[in-house]
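Input: a single structure, listed below in structure tokens.
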Amino acid sequence: MEYERILIRYGEISTKGRNRNRFVDKLKKSVKIALAPFPNVRVEAGRDRMFVILNGESGTAVIEKLKNIFGIQSFSPAIKVKRSIEVLKQTSLDVVRSFYEEGKTFKVTPKRSDKSFELDTDGINRAIGGHLLQNIPKLKVDMKNPDINLRIEVRKEAIYLSCETIQGAGGLPIGSSGKAMLMLSGGIDSPVAGYMAMKRGVEVEAVHFFSPPFTSERSKEKVIDLSKKLADIYGSMTLHIVPFTEIQQTIREQIPENYSMTSTRRLMLRITDEIRKKHDALAIITGENLGQVASQTLESMFAINDVTNTPILRPLITMDKSDIIKIAQEIDTLEISNRPFEDCCTIFVPASPKTKPKREKVQYYESFFDFDPLIHEAVKETETIVLNSENNVRTEFSELF
Ligand code: ATP
Ligand code: MG
């Protein structure tokens, strides 16, 4: 049985009251962008559901795309028929037959959002259930745990039939939660942190600190490849590459060795915050995870966070490493992150960085040097590139926001 449309359920966004139209609009744009490779599909968005009308495009291929779109709770391939009991009986039979194998059980789940239809839910149940039992000899009813659940929804304009419910990616549509800058290293954590923020509807731009010749072109390549993976999610990703060599050298000269890492992080954060202002973002995202390394103790965060009161989102803060790795595998960044490379932060890492740095001490050490001109220079020399997904998602990025 060929279905001709896919019914999309919104889940969380339907609880968002007055903002709903905006959410539906963002979701519709995400769906259109993801389905750009299928020129014949039509997307119809309503207040409480959306339809993708296939118009001859491959249902299986469209379903694969829909599985990755944030803001979709679940979806079902469906068939639209006119409001006639005879047509409903015939189509129901076709649908159930296409799923039926000997021994399988079924039930009918009718729903009437338009009460003017001649049968009520009980009536539909009896008419369709009876018709199916008559025409498929060994079919049995199971109200509790059926193999086939035929949903029949009567609406004003038509009746919709569906049998399967496919789990969506959940989350919120991209662009519905404002913009943030992701501090993207070449490690495992930060791409996952970016992905999780995107899942909550955040528009993300990446910022990477690059220290040639101490870090090589290959490590830059790595961050570009990670950004391309994140670009798969909504078609493209903006990456800001900050030249950081001079600042790192200055830190080495000015700051006592056991505080150099704390100071490096503080300067990265200050620069990221400047770039954030320039691009009208509202928050900064990091891959920090409590207790993993010296820079990620609470004392350390307390000393680093001192340089800004911009919200810092740390989606991974309480997660276990094994769970982070699982997500990195799912979003296909793990292999790239595992490539060997020199991180600009590990290159000058002292033998024993302070695990419990003091805020006052790092402030004091930094007070002997004016970093402002270097910060301005780094922001000015930042290279911005827009990376497109390699997964043939053609897109008008600006359309999304
Ligand atoms: P990751 O796996 O993301 O590299 P990590 O566990 O190695 O994280 P750190 O190296 O302490 O931890 O980095 C903490 C966070 O600081 C990173 O998750 C990232 O958000 C940011 N960061 C570190 N290095 C860079 C860099 N070179 N450019 C941009 N951000 C960075
Ligand atoms: Mg790292």
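The values are calculated or read from the model by the stated rules, or taken from the named source; none is laboratory data. Being a predicted model, the structure only gives us computed values, none of them experimental. SASA here: full protein model, heavy atoms, side chains in, ligands and nucleic acids out. Shrake-Rupley method; radii C 1.70, N 1.55, O 1.52, S 1.80 Å.
Run down the aspartates and glutamates and flag those whose C-alpha is under 20 Å from the C-alpha of K277, throwing out any fewer than 8 positions away in its chain.
Those aspartates and glutamates meeting the cut-off are E203, E205, D306, D372, E377, E381, E383.
Are any of the pairs K199/K326; K82/K144; K199/K228 more than 21 Å apart by Cα-Cα distance, and if so, which?
Pairs exceeding 21 Å: K82/K144.
Please report the accessible area of V52 (heavy atoms, 1.4 Å probe, ligands and nucleic acids excluded) in Å², nearest 10.
So the heavy atoms of V52 present about 0 Å² to solvent.
What number, rounded to the nearest 500 deg cm²/dmol, is the helix-based mean residue ellipticity at 222 nm of the chain, given -39500 (n - 2.57) per DSSP H run of at least four residues and division by all its residues?
-11500 deg cm²/dmol
Considering just Cα atoms, how many Å³ per residue does the convex hull of segment 175-221 enclose?
In segment 175-221, the Cα hull volume divided by residue count equals 62 Å³.
To the nearest 10 square angstrom, what accessible area does S116 show with a 1.4 Å probe?
90
Could you pull the accessible area for L282 with a 1.4 Å probe, rounded to 10 Å²?
Roughly 120 Å² of L282 is accessible to a 1.4 Å probe.
Whole number in Å², please: accessible area per residue of segment 5-167, 1.4 Å probe, ligands, DNA and RNA not counted. Intermediate results must be reported in sequence, preceding the final value.
Values: 8210 Å² over 163 residues.
I get 50 Å² per residue for segment 5-167.
Debye sum, Cα scatterers, the chain, no solvent: what log₁₀ I/I(0) at q = 0.07, 0.10 1/Å?
These q points yield log10 I(q)/I(0) values of -0.45, -0.74.
What's the carbon and sulfur percent of segment 54-177's accessible surface, probe 1.4 angstrom, rounded to a whole number?
That share works out to 45 percent.
Share of segment 220-366's accessible area from carbon and sulfur, percent, 1.4 Å?
Working: 3300 of 6690 Å².
Of the solvent-accessible surface of segment 220-366, carbon and sulfur hold 49 percent.
Binning at 5 Å from 0, report for segment 84-142 what percent of all alpha-carbon pair distances ends up in each bin.
Computed distribution, short to long bins: 4, 18, 31, 24, 13, 7, 2, 0.
Do any of K80/K104; K111/K179; K29/K220 go past 29 Å between their Cα atoms, and which? Could you put the intermediate results ahead of the total?
Numbers: K80/K104 25 Å; K111/K179 40 Å; K29/K220 32 Å.
As for pairs spanning more than 29 Å Cα to Cα, those are K111/K179; K29/K220.
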